[in-house]
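The values are calculated or read from the model by the stated rules, or taken from the named source; none is laboratory data. These figures come from a predicted structure and were not determined experimentally. Because the Cβ atoms are built from the backbone with ideal geometry, glycine has one as well, and the counts that use them run over all protein chains shown.
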Amino acid sequence: MAEGKHRSRRPGMRLRLALVGLAASLVFGLAGCGGEEPGPLRLGLMVNLSEGATARAVERQRAFELAVQHVNAAGGVFGQPVEFVVGDSTRDPEKAVAEARRLVEEEGVHAIVGPTSSGNALAVVERVTGPAGIPTISPSATSPALALADDDDFFFRTTLSDSAQGPVLARVAREQGFDHVGVLYRDDPYGVGLFESFRDAWTGAITGLPIEDGQASHLPELRQLAEGGATALVAITFESEGAVILQEALDSGLFTRFAFGDALKSPDLVQAIGGDRIGGMYGTAGASDPENPSTASWDAAFADAFGAPPAFAYVRETYDATVALALAAEAAGSVDGAAIRDQLRAIGGAPGDKVVPGADSIANGLLILADGGDVDYDGAASTLDWDGNGELRSGHIGVWRFTADERIEEVEVVAFGE
């Protein structure tokens, strides 16, 4: 049983809904007397719904909507259903900025989950949501540069920075017997950040080459790496580019051994290239705490809703970002962005009654917050104990591999932080 001053208050769902109905009637009475109550919380989701990322985006959107469903089944925020709108951030930071402005200025969102890529997140938080005072939580933007973004403290994330992932990827490559690696990485905040973290932890020979978005072929870079002595390739890029790189590397015979950054953790990729060609090759990505009991129960709830557990990375983190914003708004008693932002660290860490994923626990948490108490949300992926830069104080990096029968096998989870 969780400790805390509200430990004896564990109302069931019926009681929660009854109390919500009573609160709604009181709100109506106050409105009739000229009192003001906050309107419905309105959340935006920014994911890349185009350019070869549809399956990944669909899973993250499902997690976002599952979180909203659980919050609303728990009675909603301020006793009102949470509203939401979904925006396509694409892979272009300029388009992401325009979409963020639409969500804020036209759709009237009070907070945003996303953007999902580091380049988009950096542009959006510095040019739109930071200046506008809109809390923004990315479940998957991992560039270390985001820790120092000029965001006026409105940017948080529910996954670790690549300052944690890079050393694990370097260790995995060493353990595969790689001694001279070539690295192809996106020339953007994500690719540069993970490459530099990998490079700083690497102890063998290394040559890194940046690649531009939209290149039709990467054969020139692959040839340059091979001619420079690289005998294995580390790919730090998005899935559509990764498929081209791997196909060209294998068909040309330039490389047959690989290691992968988190954006290439995709069942679609191994099915496209073939388990007979990249089965047994390893990669890294953000991961859930293997000892977190909420992970298995959340996976079961996701499978019940959508037919199977999530196949891609950073899906649980999307759920956690959404629930955190709802709890913070309830704690603030307001839809004001600064008020929500100021409660995020409080609901994500001790002290407080433990809240975990699921409508019942969220209902209890919302009731405690409405009564002036404290909660500590332990998410589907990890705890959300944020530091002064909106960075997680602790978390996990997973090691995975493609299999010959074209699946993804989880191999190891490495803990970071407190």
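Here's a check for you: in the stretch 129-148, which residue that is in contact (Cβ under 8 Å) with a residue 60 or more places away in the chain and surrounded by fewer than 24 Cβ atoms within 10 Å (Cβ to Cβ) is nearest to ALA287 (Cα to Cα)?
Among those residues, the one meeting the criterion is ALA147.
Do you know which residues across the stretch 255-265 are touching a strand residue (DSSP E or B) at 6+ places or on another chain (Cβ under 8 Å) and of a type outside the set (Phe, Trp, Tyr)?
Within the stretch 255-265, ARG257, ALA259, GLY261, ASP262, ALA263, LEU264, LYS265 meet the criteria.
On the basis of being under 17 Å from ILE408 (Cα atoms), of a type in the set (Gly, Ala, Ser) and either surrounded by fewer than 24 Cβ atoms within 10 Å (Cβ to Cβ) or outside the structural domain of GLY119 (by TED's automatic domain parsing) (or both), does GLY280 make the cut?
So GLY280 passes the test.
Can you list the strands (runs of 3 or more DSSP E) found entirely within the stretch 92-162 that contain at least 1 residues being among the acidic types (Asp, Glu) and under 20 Å from THR383 (Cα atoms)?
The strands (runs of 3 or more DSSP E) meeting that bar number zero.
Within the stretch 302-318, work out how many residues are buried (at least 19 other Cβ atoms within 10 Å of the Cβ) and part of a helix (DSSP H, G or I).
Final tally of qualifying residues: 5.
Starting from the stretch 151-170, take each residue that is of a type in the set (A, V, I, L, M) and list its partners that are surrounded by fewer than 23 Cβ atoms within 10 Å (Cβ to Cβ) and not in a helix (DSSP H, G or I), counting only C-beta distances under 7 angstrom and pairs at least six apart or across chains.
LEU160/PHE416; ALA164/PHE416; VAL168/VAL399; VAL168/VAL414; ALA170/TRP202
Working carefully through the options ALA263, ALA321, find the one that is under 27 Å from PRO189 (Cβ atoms), touching an Asp or Glu at 6+ places or on another chain (Cβ under 8 Å) and assigned to a helix (DSSP H, G or I).
ALA263
Just one of the numbered conditions (1) of a type in the set (Gly, Ala, Ser); (2) assigned to a helix (DSSP H, G or I); (3) at pLDDT 95 or above is not true of GLY21; which one?
Every listed condition holds for GLY21 apart from (3).
Pull out all pairs, ordered by first then second residue, where Cβ-Cβ is under 7 Å, the residues are six or more apart or on different chains, the first lies in the stretch 185-207 and is in the same structural domain as THR284 (by TED's automatic domain parsing) and buried (at least 22 other Cβ atoms within 10 Å of the Cβ), and the second is in a helix (DSSP H, G or I) and among the charged types (D, E, K, R).
Final answer for the pair search is GLY193/ASP162; LEU194/ASP162; SER197/ASP162.
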